[in-house]
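Inspection log for the structure reproduced underneath, given as structure tokens.
The values are calculated or read from the model by the stated rules, or taken from the named source; none is laboratory data. Owing to the predicted nature of the structure, the values given are computational and were not obtained by experimental measurement. Ideal geometry is used to build each Cβ from the backbone, glycine not excepted, and the neighbour counts take in all protein chains shown. We work out accessible area using only protein heavy atoms, side chains counted, and drop any ligands, DNA or RNA first. Shrake-Rupley method; radii C 1.70, N 1.55, O 1.52, S 1.80 Å.
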Amino acid sequence: MKVHHLNCGTMLPLTGALVCHVLLVEAPGGLVLVDSGFGLSDIAEPGRRLGPSRRLIRPVLRAEETAARQVEALGFRREDVRHIVVTHFDHDHIGGISDFPGAQVHTTAAEVLGAMVSPSRRERSRYRSAQWAHGPKIVEHTPDGEAWRGFAAAKELDAVAPGVVLVSLPGHTRGHACVAVDTGSGWILHAGDAFFHRGTIDGHAPVPRALRAMENLLAYDLKQVRANHARLAELHRRRDEDLTVVNAHDPVLYERARTAR
């Protein structure tokens with residue numbers, strides 16, 4: 001399957017420039033998005049849809065960066081997007097789902113519980129219900145029965161496309177997940193916000209203190225976040241030739257993936 005790497009939301013927090021790394025997969029049954037970045041409605045109504053935290057992450061909010069506009073620029077129609085698999089429900093990951101109202105939105109049952117059904121007080125302030133007020137077709141999954149690359153809780157999403165796997169990795173949020181995509185020549189693991197900076201898993205690039213502080217502040221379960229860091233670092237040390245690990249916001253990992261041959 002051909003995979004396009006899109007930046008669907010430049011952000012300029014004080015920690016340094018960040019991206020919203022989205023995958024656009026040309027699957028046999030139509031297009032699949034992994035995450036969706038910011039959407040056109042976020043640009044039109046940032047106060048209602050993004051809330052006060054927009055002042056912390058400082059999104060640029062350019063229409064041409066939205067998944068909707070980039071899908072069209074590649075010669076597709078928005079209706080061609082049949083599925084959106086989200087790593088979690090933070091506003092910089094699901095803002096674009098309203099631009100694809102016909103698509104099914106896939107996530108973990110735990111994330112639906114924390115964001116939509118029974119949020120804690122902290123979760124109520126974290127998520128923005130305006131981003132799903134259009135009534136998206138939510139499909140809940142419980143990745144609990146299959147293993148993938150050493151991760152015990154994974155589920156193949158055959159209804160989305162062969163070779164798309166949802167890997168449960170809670171910590172950043174209650175139901176956070178990673179998404180693995182088989183391109184035919186190798187795998188891409190989109191780790192979402194399981195780690196914020198490449199130095200967390202490669203052990204070489206220094207992680208900016210302010211970015212680490214932000215990551216800790218946003219963690220639903222900090223102990224689990226740190227355990228996830230260790231698991232992803234171990235995966236990186238294995239250096240599987242057929243696996244590329246990316247995340248949602250590191251601009252260097254995004255650029256490497258976008259320009260890879």
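Tabulated values for the structure
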| read-out | value |
| --- | --- |
| Any pair with Cβ under 6 angstrom, 6 or more apart, that starts in region 8-34 at a residue that is on the phi > 0 side of the Ramachandran plot and ends at one that is assigned to a strand (DSSP E or B) | Gly9/Pro59; Gly30/Arg82 |
| Residue within region 44-55 that is in contact with a helix residue (DSSP H, G or I) (Cβ under 7 Å, 6 or more places away or on another chain), open to solvent by less than 10 Å² (accessible area, probe 1.4 Å), without any contact (Cβ under 8 Å) to a residue 40 or more places away in the chain and not polar (S, T, N, Q) present | no |
| Search result, residues across region 67-126 that are in contact with a His (Cβ under 7 Å, 6 or more places away or on another chain), surrounded by fewer than 24 Cβ atoms within 10 Å (Cβ to Cβ) and over 18 Å from Ala161 (Cβ atoms) | Ser98, Pro101, Ala109 |
| Condition met for Gly186 (at pLDDT 95 or above and either surrounded by fewer than 17 Cβ atoms within 10 Å (Cβ to Cβ) or on the phi > 0 side of the Ramachandran plot (or both)) | no |
| Residue match in region 48-55 (condition: among the hydrophobic types (A, V, I, L, M, F, W, C) and either out of contact with any Ser or Thr (no Cβ under 8 Å at 6 or more places or on another chain) or more than 19 Å from Gln104 (Cα to Cα) (or both)) | yes |
| Qualifying positions in region 210-223 - open to solvent by less than 90 Å² (accessible area, probe 1.4 Å), of a type in the set (A, V, I, L, M) and over 18 Å from Pro251 (Cβ atoms) | Ala213, Leu218, Ala219, Leu222 |
| Single residue of Ala68, Ala115, Ala109, Ala103 found to be of a type outside the set (Val, Ile, Thr) and in contact with a Pro (Cβ under 8 Å, 6 or more places away or on another chain) | Ala103 |
| Qualifying residue in region 67-74 (condition: within 21 Å of Cys178 (Cα to Cα) and in contact (Cβ under 8 Å) with a residue 24 or more places away in the chain) | yes |
| Count of region 158-168 residues which are touching a His at 6+ places or on another chain (Cβ under 9 Å), farther than 20 Å from Ser185 by Cβ and assigned to a loop (DSSP other than H, G, I, E, B) | 1 |
| Exclusive hit being within 22 Å of Leu23 (Cβ to Cβ), touching a residue at least 24 places away in the same chain (Cβ under 8 Å), open to solvent by 30 Å² or more (accessible area, probe 1.4 Å) and in contact with a helix residue (DSSP H, G or I) (Cβ under 9 Å, 6 or more places away or on another chain), set His236, His249 | His236 |
| Failed item, numbered, when His4 is tested on (1) crowded, with 19+ Cβ neighbours inside 10 Å; (2) more than 14 Å from the chain's Cα centre (by Cα) | (1) |
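Residues checked against (1) open to solvent by less than 30 Å² (accessible area, probe 1.4 Å); (2) modelled with pLDDT under 95; (3) within 23 Å of His91 (Cβ to Cβ):
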site	(1), (2), (3)
Leu166	yes, no, yes
Gly175	yes, no, yes
Ala180	yes, no, no
Gly192	yes, no, yes
His197	yes, no, yes
His204	no, yes, no
Pro208	no, yes, yes
Val225	yes, no, yes
